[in-house]
Amino acid sequence: QLVESGGGLVQAGGSLTLSCAASGSINDMGWYRQAPRKQREFVASITRGGSTNYADTVKGRFTISRDNAKNTVSLQMNSLKPEDTAVYYCNQAPPMAYWGQGTQVTVSS
C-alpha cells in the first residue's frame, strides 16, 4: 500500500514537499501526476540505489529522494508553476496497476 501526502494550495514560485509512505520495502519508485483532462504522466523516479531521473518539465525544480529504512519516498517541488497543478501519485517505476488516492497540488498564478 502506498499513501501520498503533502499536497496543498500554493502560489506560483512557491514550494511543497510530497511524501509517500509504503507498507513494506520499496524498489525503484516514481512520482507521477495527472492534471485535469490529461493523461497521467511521469514526473520523477529513483532507484533503490539512489539514481534519479526527471521529466524535462520538472528538471531543475523538483528533487526526488528516498529513505529505504523508513520505506518512504519524497518529492521536493520548488519554483512551482500553475501547470504543475495536478493530482500527484507515487508508485513503483515502472508503475504497478494499483494506484493510491494521490495528493492534490494546486498552484495559483
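The values are calculated or read from the model by the stated rules, or taken from the named source; none is laboratory data. Since the model is a prediction, treat every value here as computed from it, not as a measurement. Backbone-built Cβ (ideal geometry, glycine too); neighbour counts: all protein chains shown. Remember, those area values only see protein heavy atoms, side chains included, never the ligands or the DNA or RNA. Shrake-Rupley method; radii C 1.70, N 1.55, O 1.52, S 1.80 Å.
Net charge dipole, the chain: roughly 60 debye, given to the nearest 20, about the Cα centre with Cβ charges of +1 for Lys and Arg and -1 for Asp and Glu.
Taking 0.36 nm per residue of sequence separation and subtracting the Cα-Cα distance, how much length would be gained by fully extending the chain between THR57 and TYR98, in nm to one decimal? Please report the intermediate quantities before stating the final value.
Working: separation 41, 0.36 × 41 = 14.76 nm, distance 2.50 nm.
Stretched fully, the THR57-TYR98 segment lengthens by 12.3 nm.
In the chain, the portion of solvent-accessible area held by carbon and sulfur atoms comes to 47 percent [1.4 Å probe, whole percent, DNA, RNA and ligands not counted]. Cα centroids of the range 1-41 and the range 69-91: 4 Å apart.
Over all alpha-carbon pairs in the chain, figure out the percentage whose distance exceeds 24 Å. Please list the in-between numbers first.
On the way: 880 of 5886 pairs.
In whole percent, the long-distance tail amounts to 15.
Around THR106, with a cut-off of 14 angstrom between Cβ atoms, what is the net charge of the other residues, counting Lys and Arg +1 and Asp and Glu -1? So the surrounding residues net to 0.
Using the heavy atoms of the protein chains alone and a 1.4 angstrom probe, what is the accessible area of the chain per residue in square angstrom?
Per residue, the chain has an accessible area of 53 Å².
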